[in-house]
1. Given the structure, is residue 128 outside the structural domain of residue 210 (by TED's automatic domain parsing) and either over 18 Å from residue 43 (Cβ atoms) or free of Cβ contacts under 8 Å to residues at least 24 places away in the same chain (or both)?
2. Which number in (1) over 13 Å from the mean Cα position of the chain (by Cα); (2) closer than 18 Å to residue 57 by Cβ marks the one condition that residue 111 misses?
3. Among the residues of region 105-117, count how many are in contact with a strand residue (DSSP E or B) (Cβ under 7 Å, 6 or more places away or on another chain) and closer than 23 Å to residue 32 by Cβ.
4. What helices (runs of 4 or more DSSP H), lying completely within region 120-221, carry at least 3 residues that are at pLDDT 80 or above and loosely packed, with under 15 Cβ neighbours inside 10 Å?
5. Which of the residues belonging to region 82-102 are in contact (Cβ under 8 Å) with a residue 40 or more places away in the chain and over 20 Å from residue 55 (Cβ atoms)?
């Protein structure tokens, strides 16, 4: 399932947020609407996402510095910092917050009125971002790639590509939502059914990936 937000929806979100500002505070607003761009991971490692976000805004008619401003925030792989970063964006009186799953959940926990646009690889219903796919409700909308739903399919495809492989390795981020736990259980069950051994290595940040592959090498991958 993929839900996209285009020019009309973004205009509605920006306009609706502006209309909801108290009259006393509205005089303090910047001349242009402000978007809060928030991630739990380092922005330096995801420069392509920042570039893509800017390009997407441009295609929708929003150009940074001309008719929209963007406040960038990153928790630098320290998820416990997200609530404070969200509070900072709220104080900045942004029109909406854009973020990945952990960031969007932190924003949703902090406000029920500020529009939130998320990008997630999980099921947004199970993650708690929306009430349902057909009727999201609340103040959050966005894009979901439902990657967890295809975990077992990936294992099947891998088995077809390397049918003699007796051991499969899998990277898991324990900081993600319970949807990732369900994917792990599904993949473990599929691996067991096909007679394969599944080695799971946890990675909590980008820095852990190199160590994870070193572990795979030690195990003979």
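1. The answer is yes for residue 128.
2. Among (1) over 13 Å from the mean Cα position of the chain (by Cα); (2) closer than 18 Å to residue 57 by Cβ, the lone unmet condition for residue 111 is (2).
3. Within region 105-117, the first condition is being in contact with a strand residue (DSSP E or B) (Cβ under 7 Å, 6 or more places away or on another chain), and the residues that meet it are 107-108, 114-117.
Among the residues that remain, those that are also closer than 23 Å to residue 32 by Cβ are: 107, 114-117.
Count: 5.
4. Those helices (runs of 4 or more DSSP H) span 151-161, 178-193, 207-218.
5. 82, 85, 86, 89, 92, 93, 94, 101, 102
The values are calculated or read from the model by the stated rules, or taken from the named source; none is laboratory data. In this text, all values refer to a predicted model and were calculated from it rather than measured experimentally. When we count neighbours, we look across all protein chains shown, and the Cβ atoms used for this are built from the backbone with ideal geometry, even at glycine.
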